[in-house]
Amino acid sequence: MMNNRSDVTRIRLFRNDFLERFTLISPAAFAVTWTIFLGFAIYASWGVTSFGMSIALVALGVLIWTLFEYIMHRFVFHLKFTSEWGRGLIFIAHGNHHAMPGDPYRNIMPPVVSVLISCGVWFLFVQMIGDAGSVLFVGFGIGYVVYDVTHYACHQFPMRGRILGALRQHHIRHHYAKQEGNFAITAILWDRVFGTYIPKKKKRA
């Protein structure tokens, strides 16, 4: 259920109303968009490889997504520009989320960005390994959907339980403890592998 809290003040990114609408997305719109897009990817990849190879390629695609997620968040979304134009670009892409992390309509990447990037990745996979690239992309797309659902939940729901709680705490420390760390959202192991893990504060005795 959408958390339409009245105390959330939205940061406006564009003066133009038409452009501004493209920076917002609801969970329902996200679900419809990615059901159609992933459905088309599955249709395009159906029967391209054997069942066993398809499972392996999908699993590899998910793994590739987790690395892509970490690299994009660390090296693109937190890129430090010195120019005013560059800082403005990063603020539109990601900085506004840190300024207002509770905005439910900006906890999910808008399709104008996510679908466009995904089409580029899909094309790259096909160029690299032929038609089997579509199968690889299905795994990549599944990884993305899990990522954005997890990210939305981290900001909008309590996420109790050992695994869900750990995911939420990991991401919340990125927002409120140290922005230069805990870049992974779903595969939080990567922060330990690459030395960007933010440890929990030890409780005083």
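The values are calculated or read from the model by the stated rules, or taken from the named source; none is laboratory data. Fair warning: this is a prediction, and the values are worked out from it, not measured in the lab. Ideal geometry is used to build each Cβ from the backbone, glycine not excepted, and the neighbour counts take in all protein chains shown. What goes into the accessible areas is simple: the full protein's heavy atoms, side chains included, and nothing from ligands, DNA or RNA. Shrake-Rupley method; radii C 1.70, N 1.55, O 1.52, S 1.80 Å.
For region 127-184, a residue qualifies if it is in a helix (DSSP H, G or I), exposed (fewer than 15 other Cβ atoms within 10 Å of the Cβ) and among the basic types (Lys, Arg), and exactly one does: Arg162.
The rows are residues; the columns are (1) over 15 Å from His73 (Cβ atoms); (2) more than 12 Å from the chain's Cα centre (by Cα).
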{"site": "Ile92", "(1), (2)": "yes, yes"}
{"site": "His98", "(1), (2)": "no, yes"}
{"site": "Pro101", "(1), (2)": "no, yes"}
{"site": "Leu136", "(1), (2)": "yes, yes"}
{"site": "Val145", "(1), (2)": "yes, no"}
{"site": "Ile163", "(1), (2)": "yes, yes"}
{"site": "Ile172", "(1), (2)": "no, yes"}
{"site": "Ala184", "(1), (2)": "no, no"}
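Restricting attention to region 55-82, the residues being in contact (Cβ under 8 Å) with a residue 40 or more places away in the chain and among the basic types (Lys, Arg) number 1. Checking the structure you have, find out if any residue of region 159-181 is farther than 21 Å from Lys201 by Cβ and touching a Leu at 6+ places or on another chain (Cβ under 9 Å). No, there is no match, as no residue in region 159-181 is farther than 21 Å from Lys201 by Cβ and touching a Leu at 6+ places or on another chain (Cβ under 9 Å). Just the residues that are of a type in the set (S, T, N, Q) and closer than 17 Å to Glu69 by Cα, please, taken from region 123-164. Listed by number, the list holds a single entry, Thr150. Just the residues that are aliphatic (A, V, I, L, M) and open to solvent by 70 Å² or more (accessible area, probe 1.4 Å), please, taken from region 185-197. Passing the criteria: Leu189, Val193.
Of the helices (runs of 4 or more DSSP H) that lie entirely inside region 28-122, those containing 3 or more residues that are at pLDDT 95 or above and exposed (fewer than 13 other Cβ atoms within 10 Å of the Cβ) span 51-71.
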